[in-house]
Amino acid sequence: MQASRMATTLDSTPVSAITTHVLDTSRGVPAAGVNVTLEWSSQTGDWQRMGQGQTDPDGRLRTLMPESGSPPPGVYRLRFETGAYFESHGTPAFHPHIIVTFEVVDGEAHHHVPLLVSPFGYTTYRGS
């Protein structure tokens, strides 16, 4: 895939260059309603907000960035407000929020960063 092409869903709907999917492994369901913030680290080390949103009923967030091309190279982080999510389900959580930091290399068109979460732990990986 060329860097100038944007990612699409199976029905050809354009999506952000950085997307996420949150699954609640304690309940075996997508984690709908999780607030997520995307930030990028500038050359000075300051974090700049690039986007924010809330996971949909399928636990996905496809609109963190504009629907065009590759994200600028650099270090990014996604902040997931998991404490508020679990609190809304009446479950205490060990992590008030989870931050996943990752690097985008020049020319990489799409990054999908899933999060598998439970009240007391989580895991993540680079998805497709």
For residues that are farther than 22 Å from T123 by Cα and among the small types (G, A, S), scanning just segment 52-73, find the one that is surrounded by the most Cβ atoms within 10 Å (Cβ to Cβ). S70
When residues of segment 1-56 are filtered for being in a loop (DSSP other than H, G, I, E, B) and either modelled with pLDDT of 95 or more or under 17 Å from P72 (Cα atoms) (or both), how many remain? 25
Subset of segment 81-128 (residues that are under 19 Å from T55 (Cβ atoms), assigned to a loop (DSSP other than H, G, I, E, B) and in contact with a Gly (Cβ under 8 Å, 6 or more places away or on another chain)): A93, H95, P96, H97
Which members of segment 30-83 meet the condition of being within 10 Å of the chain's Cα centre (by Cα) and basic (K, R)? R60, R62, R77, R79
Condition set in contact with a strand residue (DSSP E or B) (Cβ under 6 Å, 6 or more places away or on another chain) and under 16 Å from T124 (Cα atoms), scope segment 74-96, selection surrounded by the fewest Cβ atoms within 10 Å (Cβ to Cβ): answer is R77
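The values are calculated or read from the model by the stated rules, or taken from the named source; none is laboratory data. Small disclaimer: the values here were computed from a predicted structure and weren't measured. Neighbour counts run over all protein chains shown; Cβ positions are idealised from the backbone, glycine included.
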